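A.B. asks: Have a look at the structure that comes next, please.
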Amino acid sequence: MSRKFVAIILSVAVILIAAPAAFAAPDGGALYKAKCASCHGPDGGGMTPMGKAMKLRDLRSPDVQKLTDADLTKVTSDGKGKMPAYKGKLSDADISALVAYIRTLK
Ligand code: HEC
């Protein structure tokens, strides 16, 4: 086998392995259920024991929905009060998928 042929096979293999991971969009709904629903509730209403104790605002309410995507992204990545910061734990793509998901709750 020529070296060139081996090189081609290897690059095709790398592309096939790497591509789905790079192009698969994160699932905002699944991330939300895994990371956020414990406080904010599965429907965003914040009616969990944790959410009630922290007096969470309903993510579906106009007060929260009127915030810009940039605001929602900032709260999620930097945290706010008792809201944990997710920067470093979630990628930017994960956080934008979450923001998009919060928009679907209303
Ligand atoms: C440990 C409980 C907890 C978890 C888990 C949590 N949050 Fe929060 N979240 C809070 C609290 C408390 C606030 C209110 C912060 C404040 O205004 O002081 C908040 C506020 C927010 C806000 C702003 C809404 C508002 O009332 O101004 C957004 C957006 C938000 N959270 C998104 C998320 C997302 C997305 C996740 C999952 C990645 C998440 N939160 C996970 C506790 C939590």
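A.B. asks: With +1 on each Lys and Arg Cβ and -1 on each Asp and Glu Cβ, how big is the dipole of the chain about its Cα centre, in debye rounded to the nearest 20?
C.D. replies: Charge dipole of the chain: 180 debye, to the nearest 20.
A.B. asks: While we're looking at this one, here's another question. Let a ≥ b ≥ c be the square roots of the eigenvalues of the Cα gyration tensor of region 26-105; is it rounded (a/c under 1.5), or, if not, prolate (a/b larger than b/c) or oblate?
C.D. replies: Cα axes put region 26-105 in the rounded bin.
A.B. asks: How charged is the neighbourhood of Lys87? Take every other residue with its Cβ under 14 Å from the Cβ of Lys87, and add Lys/Arg as +1 and Asp/Glu as -1.
C.D. replies: Taking every other residue near Lys87 into account, the sum is +1.
A.B. asks: At a Cα cut-off below 20 Å, give the aspartates and glutamates reachable from Lys87, other chains included and same-chain residues fewer than 8 away excluded.
C.D. replies: Candidates past the 8-residue exclusion: Asp27, Asp69, Asp71, Asp78.
A.B. asks: Would you please name the trypsin sites (Lys or Arg not before Pro) within region 74-103 that are DSSP coil residues with at most 13 other C-beta atoms within 10 Å of their C-beta?
C.D. replies: Those that pass, being in a loop and sparsely packed, are Lys82, Lys89.
A.B. asks: Would you list which lysines come within 20 Å of Lys52, measuring only between C-alpha atoms, while excluding same-chain residues fewer than 8 positions from it?
C.D. replies: Output for Lys52: Lys33, Lys35, Lys80, Lys82, Lys106.
A.B. asks: Still on this structure: Give the ranking of Met50, Met1, Met83 by solvent-accessible surface, highest area first, calculated with a 1.4 Å probe.
C.D. replies: Putting Met50, Met1, Met83 in descending order of accessible area: Met1, Met50, Met83.
A.B. asks: So what is the relative contact order of region 26-105, in percent, for Cα pairs below 8 Å that sit 6 or more residues apart?
C.D. replies: The value is 34 percent.
A.B. asks: Net charge near Gly29, counting Lys/Arg +1 and Asp/Glu -1 over other residues with Cβ under 15 Å of its Cβ?
C.D. replies: It works out to a net charge of +2.
A.B. asks: Could you check how much of the accessible area of the chain is carbon and sulfur, as a whole percent, using a 1.4 Å probe?
C.D. replies: 67 percent
A.B. asks: Give a residue-ordered list of calculated ³J(HN,Hα) values for region 66-78 (Karplus: 6.51 cos²θ - 1.76 cosθ + 1.60, θ = phi - 60°; whole Hz; x for Gly, Pro).
C.D. replies: Computed from phi, the couplings for region 66-78 are 6, 5, 6, 4, 5, 5, 4, 5, 5, 4, 5, 7, 9 Hz.
A.B. asks: Please list, in order along region 100-106, the HN-Hα scalar couplings obtained from phi with the Karplus expression 6.51 cos²θ - 1.76 cosθ + 1.60 (θ = phi - 60°), rounded to whole Hz, x for Gly and Pro.
C.D. replies: Each residue's phi maps through the Karplus curve to give 4, 5, 4, 5, 7, 6, 5 Hz.
A.B. asks: While we're here: Could you do me a favour and compute the accessible area per residue for the chain, 1.4 Å probe, result in Å²?
C.D. replies: On a per-residue basis, 68 Å².
A.B. asks: So what's the back-of-envelope 222 nm ellipticity for the chain, counting only DSSP H runs of four-plus at -39500 (n - 2.57) apiece and dividing by all residues, rounded to 500?
C.D. replies: For the chain, the value works out to -18000 deg cm²/dmol.
The values are calculated or read from the model by the stated rules, or taken from the named source; none is laboratory data. Note that the structure is predicted; figures quoted are calculated from it, not measured. Note that we place each Cβ from the backbone using ideal geometry, even for glycine, and neighbour counts take in every protein chain shown. Calculation scope for accessible area: heavy atoms of the full protein, side chains included, ligands and nucleic acids excluded. Shrake-Rupley method; radii C 1.70, N 1.55, O 1.52, S 1.80 Å.
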